[in-house]
1. Within 14 Å of chain B (Cβ to nearest Cβ), more than 19 Å from the chain's Cα centre (by Cα), under 14 Å from residue A:13 (Cα atoms) and not hydrophobic (A, V, I, L, M, F, W, C): is that true of residue A:48 in this structure?
2. Listed residues A:145, A:181, A:162, A:167; which is touching a helix residue (DSSP H, G or I) at 6+ places or on another chain (Cβ under 8 Å), hydroxyl-bearing (Ser, Thr, Tyr) and either more than 26 Å from residue A:75 (Cα to Cα) or assigned by TED's automatic domain parsing to the domain that holds residue A:115 (or both)?
3. Got at least one residue in the range B:55-73 being within 24 Å of residue B:191 (Cα to Cα) and among the aliphatic types (A, V, I, L, M)?
4. Does the range B:196-204 contain any residue that is surrounded by fewer than 24 Cβ atoms within 10 Å (Cβ to Cβ) and either among the β-branched types (Val, Ile, Thr) or within 13 Å of chain A (Cβ to nearest Cβ) (or both)?
5. Out of B:228, B:184, which single residue is on the phi < 0 side of the Ramachandran plot and within 14 Å of chain A (Cβ to nearest Cβ)?
6. If I ask for residues that are within 7 Å of chain B (Cβ to nearest Cβ), among the small types (Gly, Ala, Ser) and free of Cβ contacts under 8 Å to residues at least 40 places away in the same chain, which ones from the range A:87-102 would you list?
7. If you check residue A:123 against the conditions, is it under 28 Å from the mean Cα position of the chain (by Cα), crowded, with 22+ Cβ neighbours inside 10 Å, more than 11 Å from chain B (Cβ to nearest Cβ) and within 21 Å of residue A:172 (Cα to Cα)?
8. Looking at (1) free of Cβ contacts under 8 Å to residues at least 24 places away in the same chain; (2) not in a loop (DSSP other than H, G, I, E, B), which is the only condition residue A:139 fails?
Amino acid sequence: MSAGIGCRDLRVHAGGRELLSVPELHVASGRTLAVLGPNGAGKSTLLRALGLLSSHRVSGQILLDGRPATRSQMRDAIGAVLQRPILRRGTVADNVISGLRFRGVSRREARDRARPWIEALALGPLADRDARSLSIGEAQRVSITRALAAGPRVLLLDEPFTGLDSTTRADLLADLRAALTGQPTATIMVTHDRQEALALAEETALLIGGRIRQHGPTTDVLDQPGDPDTARLLGYTNLLPPALTGLAETLVARPEHTRLVLDSHDEHDDDTRSVTGTLRRTVALGIATRVDVDTSAGPLTCLHPGDVLATELPPTGGEVRVRIRHARSLNDADQDEPAARLASGTRASTP
Amino acid sequence: MDVLFGGFADAIRLLLSGDEDSWSITALTLRVSLTATAIALLVGLPLGAIVALARFPGRRILLAAANTGMGMPPVVVGLFVTVLLWRSGPLGGLGLLYTPTAMIVAQAAIATPIVIALVAAALQQVDPDFRVQMRGLGATPIRALVALLGEARLPLLAGAMAAFGAVVSEVGAAQMVGGNLVGQTRVLTTAAVLATSRGQFSLAIAFGMILLLIAFGVNLSLTLIQQQRTAPR
């Protein structure tokens, strides 16, 4: 098997409950896997189990370069970044070298080896600052630099961008992407953000309820939900069952692709993709207007760019027509074979 | 007021004259209290760390017991140790009652719950994922624990100061298990009590001042260590 990190028959239990069950996973050196999942899906549990850092009962095999990893091999291999940046007392530079120091590197050599990383992650001006005086974004930048400076063969990132403002997040994401390029590091990042997965990872796995539902190239996985849960996770929050559309299969659609029919002459456009319901409420969101509609098969959310004039809208409780411009079909069968589902490509059908 | 001012003046004269008895009492006080504090730290540090970091049934009860122990009256501890070491008691055969060793045992028993409770509180203040993060950077579990102790250095040293402060100033247990025997088990607190009861106020004030100086000296050293700016290793 190629170099990298993986697992076989990995199961994590806590309090008599199975938190995670992953039959097989492998991330090759130089590649990045995003594990995308909602809160409580077991993302951090998976990451910690892979790094042999879990406090729960873990069974199965964690593999380094295809062979079962010992604790000491894993210790030498990993660099971890947790969701909250946990820094030690001392300066930024002291923190950045601490991974190298744990690996027995002398202080002087550690400083030399950390310097390029401090420059690459733009921490030069902060190097002598007390780590306690940093903002959350700066602290997370230090935490990421510290993990990279240790020269890990396996980089574990646990939602490293959560809680950062959008500018800080975008900058750090770009710097991390640039820093990882060309490195022989197998990176696993857990996140609930699709944009982060797109920006960093060649591969994405969808983790829901402790199980990987889909796994494949990021662009494919993000656009091909296999079931209602993964559809919701990927932003396809509007579920259109056969009873509503009259089609043989369930469709899913993003709110931004779901619009009220406001002008009667575009109604004939594509009748099979339009449904009727009653208008529940409209909410102005500045750059868009959200319209919630109740149908016989459940609620739908429409997102209209800009302001929809109140005069254009029927009154609350009135009957409206909703057109779905871009939907994906779900095949609810073979839930247990996500890879086969993905490989078949049937999910990619675009109405 | 004359008694007070006169007492202070006499006390300073006594201290400057280098009275031999006072010095031996001071030396014994330091020996007993520092040894008791050291024992309490040796026992209390690992126990406090276990209570703070491990998960086992009865953990909270143990922590509550340690917290209660922080407020235990020294007289009660003295009573238990006396009964244990009494000639006909379970440990009477050791012949330790009315020796400095008995005083060390009693004072260590007073200080240990303080150390356990304050160590547990100190370690629980640090982020619960601290050790996981350190291990995630390649630290062994021991190294991660040492890093955690370094991180909690300030409150840990505050715990050591509290423990020393509690034992050096207590009089009940020292009196009961030591017996205040001149030249053998007389320490500054018991000597001050005796001097006061005899109306020798200047002597009592002198002992009190030495006691304050010792407490200040020890706490100053610990504070200097505590406030030292050291980089993580």
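1. No.
2. Details: A:181 fails: touching a helix residue (DSSP H, G or I) at 6+ places or on another chain (Cβ under 8 Å); A:162 fails: touching a helix residue (DSSP H, G or I) at 6+ places or on another chain (Cβ under 8 Å); A:167 fails: touching a helix residue (DSSP H, G or I) at 6+ places or on another chain (Cβ under 8 Å).
None of the other options fit; the residue is A:145.
3. There is at least one residue in the range B:55-73 that is within 24 Å of residue B:191 (Cα to Cα) and among the aliphatic types (A, V, I, L, M).
4. Scanning the range B:196-204, I find at least one residue that is surrounded by fewer than 24 Cβ atoms within 10 Å (Cβ to Cβ) and either among the β-branched types (Val, Ile, Thr) or within 13 Å of chain A (Cβ to nearest Cβ) (or both), so the answer is yes.
5. Answer to the check: B:228.
6. Across the range A:87-102, there are no qualifying residues.
7. Details: under 28 Å from the mean Cα position of the chain (by Cα): yes; crowded, with 22+ Cβ neighbours inside 10 Å: yes; more than 11 Å from chain B (Cβ to nearest Cβ): yes; within 21 Å of residue A:172 (Cα to Cα): yes.
Yes.
8. (1)
The values are calculated or read from the model by the stated rules, or taken from the named source; none is laboratory data. Source: prediction; values computed, not measured. Ideal geometry is used to build each Cβ from the backbone, glycine not excepted, and the neighbour counts take in all protein chains shown.
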